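Q: Have a look at the structure that comes next, please.
What follows draws every value from the coordinates through simple rules; no lab data is involved. Just so it is clear, the model here is predicted, and its values are computed rather than measured. So basically every Cβ, Gly included, is an ideal-geometry build from the backbone, and we count neighbours across all protein chains shown.
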Amino acid sequence: MDLILYDEELREIQNLIDQLHVDARSKIVFVVDKNGQQIAGAGDLGSIDTTSLASLTAGNVAATDGLAKLIGEKEFSILFHEGERDNVHISIVGNRVILVVIFDDRSSLGLVRLRVKKGSQELTHIFDRIVEKTKSQPSAGLEAAFAEITDDDIDNLFS
Amino acid sequence: MAFINYAAREVNCKIVYYGPGLCGKTTNLQWIYEKTNPTNKGKLISLATETDRTLFFDFLPLDLGSIGSLKVRFHLYTVPGQVFYNASRKLILKGIDGVIFVADSQEARFDANLESIDNLDKNLKEQGFDLMKIPYVLQLNKRDLPSAMPADVLTKELRVKGEPVFEAVAPKGVGVYETLKECAKMVLKELRRNA
């Protein structure tokens, strides 16, 4: 199913991860969908390639998911990568999106886990609403965006 | 399963290159990467073994420009072609919008092509897609090799549903862009049809 993100919900997601970024004393907070599309980010995003981060995170989660199923687990809902300087905390929210928190020694794993837990619950509610909205008015936004598009417009994209 | 970011007025679509091992999926992506204007592309990520065989996937984000007020972005992925990587191959098919099947024209790889198409069909079903319904393009690669089978024979044997067929020599870029263009168009038309 297509996921349609509107201004209102994106603002809510942005506010939430801005807050999480501060509360968890992290460097970067990032939300990606399970297919590797980036949804929103907070913190020092200029320092990294966010498109690659999104795709690799989704690949990582997909591989771990496969591993879980192989040994009879439903999912591994948290992945943690520890580095010399920076650490990456990855969690699956509402079985739908991925929340990534990058932090260094100004924070701690305990604090990040605590803040992520609270943030995840709120994020789950927002995404439940997005899915409801997409279901109840599936083409409301799309129609406006695609109605005017002709075959020529699509051809011209490649000329 | 395109992701439409209304707030940023962006459509993100995912196209996957599928096919047997060493058929030239990664080479297709490398050529596109080399020839694309730096402002329209992101980094090419290759998760490969030390001998340059794809281990998990290659990934290339591409900005195609705008249609009306919508920005159009494509995420191109390849799968690992080798048979024993099937578990990882399945994962790459999550959330696809279109598939390009890269066939190896050499006679010795004929069976591998058939096996791979069969594998694609099965894996798509597992992810909830139907090969007969998704945007799908067939590319006959390695047309320059002396052992290449005639294109009309390959087309007859490998075509699954009357999809567009392109002859290609991926390292030289022959047919590479044409294949992508056709698949991208089919994806956008499908999106419009569902709107």
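Q: What 222 nm value per residue comes from the helices of the protein assembly as shown, counting each DSSP H run with n ≥ 4 as -39,500 (n - 2.57) and dividing by all residues, nearest 500 deg cm²/dmol? Don't jump to the answer; show the numbers that get you there.
A: Numbers: 10 runs with 141 residues, N = 354.
Roughly -13000 deg cm²/dmol at 222 nm, from the helical runs in the protein assembly as shown.
Q: Net charge around B:V72, counting only other residues with Cβ within less than 9 Å of its Cβ (Lys, Arg = +1; Asp, Glu = -1)? Before the final figure, lay out each step's value.
A: Numbers: positive: B:K71, B:R73; negative: B:E10, B:D63.
Result for the local shell: 0.
Q: For the range B:64-85 and the range A:1-65, what is the centre-to-centre distance using only Cα atoms, to the nearest Å?
A: 19
Q: Is there a simple number for the mean count of other chain Cβ atoms within 10 Å of the Cβ of residues in B:5-14, and what is it? List each step's numbers first, then the result.
A: On the way: counts 10, 12, 11, 5, 1, 2, 4, 7, 1, 4.
Mean shielding by partner chains, rounded to a whole number: 6.
Q: Right, here's the next one. Need one number: % antiparallel among DSSP beta bridges in the protein assembly as shown, to the nearest 5. Don't jump to the answer; show the numbers that get you there.
A: Values: 41 of 65 bridges.
For the protein assembly as shown, the DSSP antiparallel bridge percentage is about 65.
Q: Normalising by the residue count of chain A, find the relative contact order in percent from Cα pairs under 8 Å and 6+ residues apart. Let's see the in-between values first.
A: Working: 192 pairs, mean separation 39.8, N = 159.
That works out to 25 percent.
Q: I want to verify a result. In a Gaussian network model of chain A, Cα cutoff 10 Å, which of these has the top mean-square fluctuation: A:E75, A:E84, A:E122?
A: A:E84
Q: Greater than 19 Å separation of Cα atoms is the criterion. Which listed pairs, B:K43/B:K133; A:K27/B:K43; B:K14/B:K71, meet it? All intermediate terms of the calculation are to be shown ahead of the outcome.
A: Values: B:K43/B:K133 31 Å; A:K27/B:K43 22 Å; B:K14/B:K71 14 Å.
Where the Cα-Cα span goes over 19 Å, the pairs concerned are B:K43/B:K133; A:K27/B:K43.
Q: While we're on this one: Compute the acute angle (0 to 90°) between the alpha-carbon long axis of helix A:7-23 and the principal axis of greatest extent of the alpha-carbon atoms of chain A; round to the nearest 10°.
A: With both axes taken from Cα atoms, the answer is about 10 degrees.
Q: Turning to a different aspect of this structure: On alpha carbon coordinates alone, what is the Rg over Rh value for the protein assembly as shown, Rh being the Kirkwood radius?
A: On the way: Rg = 20.8 Å, Rh = 21.3 Å.
Here Rg/Rh amounts to 0.98.
Q: Enumerate the whole-percent occupancy of each 5 Å bin, from 0 to the last occupied one, for all C-alpha pair distances of chain A.
A: Reading the bins upward from 0: 2, 8, 16, 18, 18, 14, 10, 6, 4, 2, 1, 0.
Q: Under a 5 Å amide H to amide H cut-off, with H placed in plane at 1.01 Å, what residues pair with B:D58 once short-range neighbours are removed?
A: B:L47, B:T78
Q: Kindly give the semi-axes, whole Å and largest first, of the ellipsoid equivalent to the range B:7-194, taking each as the square root of 5 times a Cα gyration tensor eigenvalue.
A: So the three semi-axes of the range B:7-194 are 25, 18, 17 Å.
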